[in-house]
Amino acid sequence: MSRRVAIYLTHPEVAIDPAVPVPDWGLTPVGTERVAAAAGRLPEGPVHVVTSAERKALETAWPFGARAGVPVEVRAAMHENDRSATGYLPPDRFEEARLAFFGAPEVSFRGWERAVDAQVRILAEVRAVLAEQAAPVIFCGHGGVGALLLAGLQGAPISLDWDRGGGGHWFSFDAVSEEVLSDWQPIERLFV
């Protein structure tokens, strides 16, 4: 990473368990393998690794921190959009909620955090980290707020077009100018 680049990486596959609160879901063995392979390609040099406090994001961040020999910084405001009002939703109901979240960003879906509020939060948190760090940063987070971040960095309206759908994707941007350098890419293309 020769220029000051920031990478936003979404956690890959999670072990979905309706009996467990969503923030406590961890990665599946496939998700863990995908992260380990990507972390193994991390170039030498300074890097700062930041994550939300959700288990799946932590499990994504830890291998990068270990590879770089740096502690992982946990930032509470990096979390996914707050969906605690509904808790777990089966896939068909979740898709309905996802469409409503991105389709009406100023409206709360059944008590969820509004997309406009989640976007303000993730942009502010990313900018706060970048203001504190001189090294390149890898943000390990979530697809929904990642889509909101990508739209916000580009000054574009919130829409489903920015959501990659499915985990294990990343995009990069200049940490100073906020110019987006790459669109969503699969984790297998990180550092190749």
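Filter region 1-42 down to residues that are among the polar types (S, T, N, Q) and outside any loop (DSSP other than H, G, I, E, B) and give me whichever is farthest from ILE122 (Cα to Cα). I'd like the intermediate steps shown before the answer.
Within region 1-42, the subset among the polar types (S, T, N, Q) is 2, 10, 28, 32.
Applying the additional criterion that residues be outside any loop (DSSP other than H, G, I, E, B) yields 10, 32.
Values: THR10: 13, THR32: 25 Å.
Ranking the candidates gives THR32 first.
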Of the residues in region 130-139, those that are crowded, with 18+ Cβ neighbours inside 10 Å and assigned to a helix (DSSP H, G or I) come to LEU130
Options ARG127, ARG114; residue that is over 26 Å from PRO63 (Cα atoms), modelled with pLDDT of 95 or more, surrounded by fewer than 19 Cβ atoms within 10 Å (Cβ to Cβ) and basic (Lys, Arg): ARG114
Given the condition closer than 23 Å to TRP112 by Cβ and in a helix (DSSP H, G or I), answer yes or no: does some residue in region 162-177 qualify? yes
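Listed residues VAL49, VAL74, VAL70; which is modelled with pLDDT of 95 or more, crowded, with 18+ Cβ neighbours inside 10 Å and touching a strand residue (DSSP E or B) at 6+ places or on another chain (Cβ under 9 Å)?
Details: VAL74 fails: crowded, with 18+ Cβ neighbours inside 10 Å; VAL70 fails: crowded, with 18+ Cβ neighbours inside 10 Å.
That would be VAL49, the only listed residue that is modelled with pLDDT of 95 or more, crowded, with 18+ Cβ neighbours inside 10 Å and touching a strand residue (DSSP E or B) at 6+ places or on another chain (Cβ under 9 Å).
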Just to be sure I understand the filter: pairs with C-beta atoms under 7 Å, separated by 6 or more residues or on different chains, first member in region 169-192 and within 23 Å of THR32 (Cα to Cα) and touching a residue at least 24 places away in the same chain (Cβ under 8 Å), second member outside any loop (DSSP other than H, G, I, E, B) and among the acidic types (Asp, Glu). Which pairs pass? PHE171/ASP183
Hits in region 43-64 (condition: assigned to a helix (DSSP H, G or I) and closer than 9 Å to GLY141 by Cα): LYS56, ALA57, LEU58, THR60, ALA61
Kindly list the number of the only condition in (1) more than 25 Å from GLY26 (Cβ to Cβ); (2) part of a loop (DSSP other than H, G, I, E, B) that fails for TRP112. (1)
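The values are calculated or read from the model by the stated rules, or taken from the named source; none is laboratory data. The structure displayed is predicted, hence computed values, not measured ones. Here the Cβ is made from the backbone with ideal geometry for all residues, glycine too, and neighbour counts use every protein chain on show.
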